[in-house]
Amino acid sequence: MCDQSDLSDARDGLTHKERIVLWCLHKLQSERTTGPFPTSLLYGRVVEHIDLSVSEMQIILSRLVGEGLEL
């Protein structure tokens, strides 16, 4: 059986997990205007919403950066 959170959305190709990471990233950037923040802070926010390992998070961030999204 396939986990629905691993399926890409037909509209933009993002999975549910990727969408949560981007949403948390956006919220964190709007809250912290002082500059960069550690990835661990983003990870802490993400795992409040979904079950995600550190390695999964790194893969998602690598994919998003590889596609040219500005993080």
Expected output is a single nm value to one decimal: the length gained when fully extending between His26 and Gln58, i.e. 0.36 nm times separation in residues minus the C-alpha distance. What is it?
9.8 nm
Expressed in whole Å with the largest first, what are the equivalent ellipsoid semi-axes of the stretch 28-67 derived from the C-alpha gyration tensor as the square root of 5 times each eigenvalue?
18, 14, 8
Surface per residue (accessible, 1.4 Å probe) for the stretch 18-71, Å²
66
Per the rule of 0.36 nm per residue minus the C-alpha distance, extending Ile50 to Thr33 adds in nm 3.6 nm
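The values are calculated or read from the model by the stated rules, or taken from the named source; none is laboratory data. Note that this is a predicted model, so its numbers are computed, not measured. Only protein heavy atoms, including side chains, enter the accessible area calculation; ligands, DNA and RNA are left aside. Shrake-Rupley method; radii C 1.70, N 1.55, O 1.52, S 1.80 Å.
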